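The values are calculated or read from the model by the stated rules, or taken from the named source; none is laboratory data. Being a predicted model, the structure only gives us computed values, none of them experimental. With ideal geometry, Cβ positions are generated from the backbone for all residues, glycine too; neighbour counts draw on all protein chains shown. We work out accessible area using only protein heavy atoms, side chains counted, and drop any ligands, DNA or RNA first. Shrake-Rupley method; radii C 1.70, N 1.55, O 1.52, S 1.80 Å.
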Amino acid sequence: MSRNIPRDTMALPESVDEALDILAASDIETVPIAGATWIMRGPTRYEPIPPRLVALNRIAELREYDFDSDPIHLGAMATHDLIARSLPSGADLRCLALAAHQSANPGIRRLATVGGNLCVVGFAAADLVPALMVLDATVCLALPGRRRLELDLSEFMAFRRKPGRYLTTGVRFARNARISAHVRVPMRDYPVCIVSLSVGMDASGRIADLRLAVGAVEEDGRRWKEFEDEARGSEPDPVAMGELARKLSTTLTPRSAHDAPGWYRVQVLPAMVRRAFAQVRAEMR
Amino acid sequence: MDVQFFVNGEERTFGGDQRTPLLDVLRGDFRLTGTKSVCRGGFCGACTVLIDGEPVPSCQRPVGLLEGAEITTIEGMAPVGELNLVQQAFLDHDVVQCGMCFPGMVITLTHFLGSNPMPGRAEIKEALAGNMCRCTGYERIVDAVLSICPTEQAEDQPPVPEVSER
Amino acid sequence: MSVKIDPETAVMDLPRRDARDKLTGRTRYMVDMAGSDALRAVIVRAKVASAKIVRLDVSAAARMRGVRAIATAADAPELHGIGIQDQPLFARDRIRYPGEPICAIAADTLEQARAAADAVLLELEDLPACFSMADALAPDAPILHPDWKNYECIVDGVARAGNIAWEAKVLRGDVDAAFARPDVTIVESCFRVGRQSHMPFEPRGALASYEDGRYHIITSTQVPWTVRAVTAKVLGVHSSLVRVTVPPVGGAFGLKFDCSIEPMAAILSRKTGRSVSLVNSREEETTTCLCRENADIWIRSAITPEGTIAGREGVVLMDAGAYGGEQVFLSTMTAHTLGASYRLGAARFSTRVIYTNTPPNGAFRSCNGAYNAFALERHTDEICQKIGMDPMAFRKKNVLRDQDLGSTGQVFEGDVLGPMLERMEALRASTGTQEHRAAGRLYGRATTVGTWNIFVGPSTATVNLNADGSATLITASVEIGSGSITQGVPQIVAANLGIHPSKVIVKGADTDAAGYDMGTGGGRTVVSMGSAATAACAVVRKRLLETASELLQTKPENLVLRDGRVEIEGRPGSGTAIETVIARAEQTQGPISGSGSFTAPGTAKAMPGCAAGHFFDAMDLPVFVVHEGEVAVDPETGEVEVLAYRVVQDVGRAINPRAVRGQIQGAVIQGIGYGLHEQITIGPSGAIEQTGFETYHIPLAQDAVKVDIDLFEGAPSCGPLGTKGVAEVAIMNGGATMACAIANATGKKVQQLPLVASRVLGLVEGFEEMLEHPHISRKWSDNILK
Ligand SMILES: Cc1cc2nc3c(=O)[nH]c(=O)nc-3n(C[C@@H](O)[C@@H](O)[C@H](O)COP(=O)(O)OP(=O)(O)OC[C@H]3O[C@@H](n4cnc5c(N)ncnc54)[C@H](O)[C@@H]3O)c2cc1C
Ligand code: FES
Ligand code: FES
């Protein structure tokens, strides 16, 4: 089972268990890397690259992708580029396809993974997080001691804050009959406000089933339950939805950062919500 | 542990720290200085190389991940003394200025044209989202690329945001 | 001998000679040159803004593995500076800004040098600091340079005091009387701009070695001769002991118009006897960038009922950062930018350069002109709004025309800006407008004008004719990406010698080979170096034609140089190949070679007494631009899309029209960056908060727009073949045009740059605070030192 950890700076395990063993046995700071686009850029954030990296790229299990099944399963190593190219074209998945396609830049999208996007701590603007939240995604985890765990993405967001060594092996989400949308601002650099939504209407065309997540505004992306609750039963009219977002915007605690002050993130939110509902309406026609 | 991979078709070995960005291995160890180190953060694209045929920023690739990989740098984009189509177009249209961004531009756009032989203006600009240039103002680079595309494209425009009536 | 050169023979779309290697990755920039034999060096920098250095102890660092030498203030005894010698190479007894160099360490590897940097002991005592110009001007402000009175200045008798490093004044006519007229409308405006960072792809750095008792510095600079002089000055050695060579430069934009870290590399190379490579990291490059300075501007005009400008006054506060640097020199440019473009009855301006405990600022393409144009053009539009006059009509009525007076009383020659405005209208008519693409967003269009100066000044060139009929051009000009020394000047030489520019070999800048040159920048290379090269060619031509006249048995006056031949005028095919003449000259008098020099035409004169504290009172070679932009403002996000951009630029004569257009396209996008995206902020500890491309946003391809360009030729120029500098001025009105167009789109009073999305949204929503500039007095006498 566990083998001697090489004195190298990078381990290249072939299985999830091997990777976890290496992580568990390590006495120096050791972190997994997937696309490495967060880790390698560390020095530009005054965070040195950790002394030891555990590369996940050789683990077959993390590279299992099932785009055509229901539920869809994405191994943690699925890149933004792969997701954008391979996701089926249904309206229910549009949020994720857009999120993957609009993030970062083409070179980074070829490297950055869904696992990395979900696991990076201290990054408020992860694009895939709100999109996966409105798809009710489940995060598949492997824990030390050969334990496996599945968590709802929102639970996972809380879980990942706690220290501990784990691997995300993948995400799973079911197809659904709702219509989804994803909007971010700005289109360049990191987003300062992201809205993902997925909405199902009843027979009278009113909102029956709504999930709406906000990213980049607060410290972590989250479902905006306050909005979901108020919107249920209304017409999915973009302008009215934008107004509702304005009314409820005090329920968010925006963060200020170099790219935008907190007030700006909240100020643009109603327009983001309206534009997301406009995408939905365009899809309904 | 040594890492072995191919650079411009030649087998190379690197025996140092596996966390080292490929960028530094190319420039420092192999003295292939055409790959430029500018932002070291995945933003500028000046360090772009092809890894197994895909253009990616080499500053973001720890070399330990590259066992067996095929890497093409700007020095390997055309035989010595020759230019590929994109390079030739840049030369013909006199678009180069300081030149620091062009290794990355050439690699990104050569690959892009391979899979999008008839792009429009907006698509080319989108493809350049990760290739910054401080000198040229981009548009003449785009003109040069369009000049080697088989047919003239109608001027496509960037998408317009949906704005509510005020 | 009168020289007849048809300027048209110089005009061609000559491609760049350096493009092929740049496209194939084979060009070696400074950053590519250090091999395994070179030591690597790092700078240890101050982390605080203002402190007394009690003790610096590098002994532990010196004992660390791989460390070869450490340079400290003890190695660089002298102060340097452009107008005021106020800056040490390494902080000596006092730290004045975060990032100020304390010492530099050379080691076998970068990692070792960095590790040693952490072992440097620095004992400090905090001193009070001022981070804004308002702080620095407060009555009880701490003085950054208590010793300011003793500093050496390039000119004497200039008004200076405490934190006011320099003051330049303009005073022409009775301004008080103009404002006191009962019939005038008075319009007053306040503006503020942040810094702009150059972000050249190649950072500043140097590779130095100590050879045969002399320093050899290979550096990425625009000013090899300045590097030579400053290195010698701070090291306290004779300048003949310094040699500077410059490979192709990977972007400069004015940042590299000053000596920076080269002397540190030089010291370390002498101490180690090895080559030493010292290159700024991107973070250092960004946080210590010699930015286009932040500035506060107040301007007031008295407008007559006819819509003319009876009087204008203005105060410009320029933030120098901790040392005077370029700002001292650039204070001169208020007179020629804010005080230019329009005919003024009476005028007075005060420009003050202020010390603050922030990183020093420097020169950036069109320098302070870029924000003075913003202030002037926004002010002009505010005037038009207040008096109810069409902005285009106002401009046509008031722009400087032939024989009009500038602010310092200089007489302008030629009618340039007026016709350029008409050409802009024609250009717009031919391209059409893009209002339809605003698609529900707020649409705005604005036309702005600007005046800038081509900085002539000393240059010298040598031209050697080779037996193969080629010519070698030897200068200290640098290829910074603008093409001026690889395209423009060789084209001028070629036209003078009747050969193709590909036959002109351009020697890379080397202070051991070429004579003094002021530097590559300020739009001056084609003009100054082109003139020096023309003078060199005159010597060469004379020898060539004299020899040929013997060979061909005809008078030199009857001969012309064309297509690599010497021919008898009017008889194509007559004469002989230039190689034959060169061979003959070699046998009879020796090889043909000539040198020539240039400094300034010396024709521009100000009115006596109008300017004080200026480096030049009148512009030798004014140059004009008219810009027009169309924008769509997203009222919900504040994002701005530039829908169209048009430029009419006074280029004198465009000898390489395609390259000129390339420079304009690039400069305009940088100008739009200045207007919309590029934001530098100073944090609570005086440091620049942006650290690189992640946080400082230069325009991306998707932010760019194709510029429609009309080259306005034929304006008076002292440049060779009627040329003017084209690359610098093209950035000037980018910020102005964005600001005016956004003001028009939103109907809001735009007072600040950059117009990042959050600021624009704040304007639209009405919660952007209005500027009042309480630290600038409305009483003229308070704004000048007695
Ligand atoms: C230029 C640039 C632009 C960007 N723009 C965007 C953007 O617009 N939107 C956006 O969302 N992101 C953006 N990013 C951030 C991007 O780095 C992350 O979003 C990316 O998804 C991280 O994935 P990765 O595989 O590269 O992560 P890595 O760097 O490999 O890892 C990130 C973190 O997650 C951990 N980790 C990775 N995989 C696993 C796993 N399977 N199990 C447990 N832990 C794991 C690592 O230990 C590390 O702490 C940008 C990055 C760059 C460089
Ligand atoms: S250096 Fe790698 S993207 Fe800029
Ligand atoms: S040509 Fe200088 S960065 Fe592109």
For B:Val80, the lone unmet condition from (1) assigned to a loop (DSSP other than H, G, I, E, B); (2) surrounded by 21 or more Cβ atoms within 10 Å (Cβ to Cβ) is (2)
Using beta carbons and a limit of 7 Å, which pairs, at least six apart or on different chains, have the first residue in segment A:110-124 and within 14 Å of chain B (Cβ to nearest Cβ) and farther than 17 Å from A:Arg161 by Cβ and the second one more than 16 Å from ligand 2 (Cβ to nearest atom) and at pLDDT below 95? none
Take the residues of segment B:34-60 that are within 16 Å of ligand 3 (Cβ to nearest atom) and of a type in the set (S, T, N, Q): which is surrounded by the fewest Cβ atoms within 10 Å (Cβ to Cβ)? B:Ser37
Quick check on my filter: what residues within segment C:241-281 are among the hydroxyl-bearing types (Ser, Thr, Tyr) and either open to solvent by less than 10 Å² (accessible area, probe 1.4 Å) or free of Cβ contacts under 8 Å to residues at least 60 places away in the same chain (or both)? C:Ser260, C:Ser269
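Being within 16 Å of ligand 3 (Cβ to nearest atom), under 21 Å from C:Val31 (Cα atoms) and more than 9 Å from chain C (Cβ to nearest Cβ): is that true of B:Pro21 here? So that I can check it myself, show each step before the final result.
On the way: within 16 Å of ligand 3 (Cβ to nearest atom): no; under 21 Å from C:Val31 (Cα atoms): yes; more than 9 Å from chain C (Cβ to nearest Cβ): yes.
Taking the combined requirement at face value, the residue does not satisfy it.
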When both residues are 6+ apart or on different chains and their Cβ atoms are under 7 Å apart, which pairs have a first residue that lies in segment B:132-149 and is at the interface with another protein chain (Cβ under 7 Å from one of its Cβ atoms) and touching a residue at least 24 places away in the same chain (Cβ under 8 Å), and a second that is in a helix (DSSP H, G or I) and surrounded by 24 or more Cβ atoms within 10 Å (Cβ to Cβ)? B:Cys135/C:Gly666; B:Thr136/C:Gly662; B:Thr136/C:Gln665; B:Thr136/C:Gly666; B:Arg140/C:Gly662; B:Arg140/C:Gln665
Condition met for B:Pro21 (farther than 24 Å from C:Ser220 by Cβ and either free of Cβ contacts under 8 Å to residues at least 60 places away in the same chain or buried (at least 19 other Cβ atoms within 10 Å of the Cβ) (or both)): no
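Kindly indicate which of A:Arg85, A:Arg94, A:Arg41, A:Arg63 is within 12 Å of ligand 1 (Cβ to nearest atom) and at pLDDT 95 or above. Steps first, answer last, please.
Details: A:Arg85 fails: within 12 Å of ligand 1 (Cβ to nearest atom); A:Arg94 fails: within 12 Å of ligand 1 (Cβ to nearest atom); A:Arg41 fails: at pLDDT 95 or above.
None of the others qualify; the one that does is A:Arg63.
This table checks each residue for (1) under 17 Å from the mean Cα position of the chain (by Cα); (2) away from ligand 1 (no atom under 16 Å from the Cβ); (3) free of Cβ contacts under 8 Å to residues at least 60 places away in the same chain.
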{"residue": "B:Glu54", "(1), (2), (3)": "yes, no, yes"}
{"residue": "B:Ser58", "(1), (2), (3)": "yes, no, yes"}
{"residue": "B:Thr73", "(1), (2), (3)": "yes, yes, no"}
{"residue": "B:Met77", "(1), (2), (3)": "yes, yes, yes"}
{"residue": "B:Gly81", "(1), (2), (3)": "no, yes, yes"}
Give me the residue from segment A:177-192 that is buried (at least 20 other Cβ atoms within 10 Å of the Cβ) and away from chain C (no Cβ under 14 Å) and, out of that set, farthest from ligand 3 (Cβ to nearest atom). A:Arg178
Do we have any residue at all in segment C:231-240 that's outside any helix (DSSP H, G or I), outside the structural domain of C:Leu89 (by TED's automatic domain parsing) and surrounded by fewer than 20 Cβ atoms within 10 Å (Cβ to Cβ)? no
Can you run down the residue pairs with Cβ atoms below 7 Å, 6 or more apart or on separate chains, where the first is in segment C:132-147 and open to solvent by less than 40 Å² (accessible area, probe 1.4 Å) and the partner is part of a loop (DSSP other than H, G, I, E, B) and β-branched (Val, Ile, Thr)? C:Met133/C:Thr356; C:Ala136/C:Thr356
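Restricting to segment C:455-479, and then to whatever is assigned to a loop (DSSP other than H, G, I, E, B), aliphatic (A, V, I, L, M) and modelled with pLDDT of 95 or more, can you tell me which residue is most open to solvent (accessible area, probe 1.4 Å)?
The extreme case among them is C:Ala467.
C:Gly157: over 18 Å from C:Ala91 (Cβ atoms), open to solvent by less than 30 Å² (accessible area, probe 1.4 Å) and either in the same structural domain as C:Val750 (by TED's automatic domain parsing) or among the small types (Gly, Ala, Ser) (or both), yes or no? Full working, then the answer.
Details: over 18 Å from C:Ala91 (Cβ atoms): yes; open to solvent by less than 30 Å² (accessible area, probe 1.4 Å): no; either in the same structural domain as C:Val750 (by TED's automatic domain parsing) or among the small types (Gly, Ala, Ser) (or both): yes.
When the stated conditions are applied, C:Gly157 does not pass them.
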Breaking point among (1) without any contact (Cβ under 8 Å) to a residue 24 or more places away in the chain; (2) at the interface with another protein chain (Cβ under 10 Å from one of its Cβ atoms), for A:Ala203: (2)
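Mind checking whether some residue in segment A:43-50 is open to solvent by 40 Å² or more (accessible area, probe 1.4 Å), without any contact (Cβ under 8 Å) to a residue 60 or more places away in the chain, facing chain B (nearest Cβ under 8 Å) and β-branched (Val, Ile, Thr)? Break it down into steps so the answer makes sense when it comes.
Here is the first cut: in segment A:43-50, the residues open to solvent by 40 Å² or more (accessible area, probe 1.4 Å) are A:43-48.
If we keep only those that are without any contact (Cβ under 8 Å) to a residue 60 or more places away in the chain as well, we get A:43-48.
Filter once more, keeping what is facing chain B (nearest Cβ under 8 Å): A:43-44.
Applying the additional criterion that residues be β-branched (Val, Ile, Thr) yields A:44.
Looking for residues that are open to solvent by 40 Å² or more (accessible area, probe 1.4 Å), without any contact (Cβ under 8 Å) to a residue 60 or more places away in the chain, facing chain B (nearest Cβ under 8 Å) and β-branched (Val, Ile, Thr), one finds at least one in segment A:43-50, hence yes.
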Of the numbered conditions (1) charged (D, E, K, R); (2) under 12 Å from the mean Cα position of the chain (by Cα); (3) more than 9 Å from chain C (Cβ to nearest Cβ), B:Lys36 fails exactly one; give the number of that condition. (3)
Enumerate the pairs (first residue in segment B:83-104 and within 16 Å of ligand 1 (Cβ to nearest atom); second residue anywhere and of a type in the set (Ser, Thr, Tyr)) with beta-carbon separation below 6 Å, excluding pairs fewer than 6 apart on the same chain, so at least 6 apart or on different chains. B:Gly104/B:Thr48
Condition set in contact with a Gly (Cβ under 7 Å, 6 or more places away or on another chain) and either open to solvent by 10 Å² or more (accessible area, probe 1.4 Å) or among the aromatic types (Phe, Trp, Tyr) (or both), scope segment C:179-222, selection farthest from C:Asp381 (Cα to Cα): answer is C:Tyr210
Could you please find all residues in segment C:197-220 being in contact (Cβ under 8 Å) with a residue 60 or more places away in the chain and away from ligand 3 (no atom under 16 Å from the Cβ)? C:Gly205, C:Ala206, C:Leu207, C:Ala208, C:Ser209, C:Tyr210, C:Ile218, C:Thr219
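With respect to A:Val134, is the statement that it is open to solvent by less than 20 Å² (accessible area, probe 1.4 Å), away from chain B (no Cβ under 14 Å) and within 11 Å of ligand 1 (Cβ to nearest atom) true?
On the way: open to solvent by less than 20 Å² (accessible area, probe 1.4 Å): yes; away from chain B (no Cβ under 14 Å): yes; within 11 Å of ligand 1 (Cβ to nearest atom): no.
So A:Val134 does not fit the description; no.
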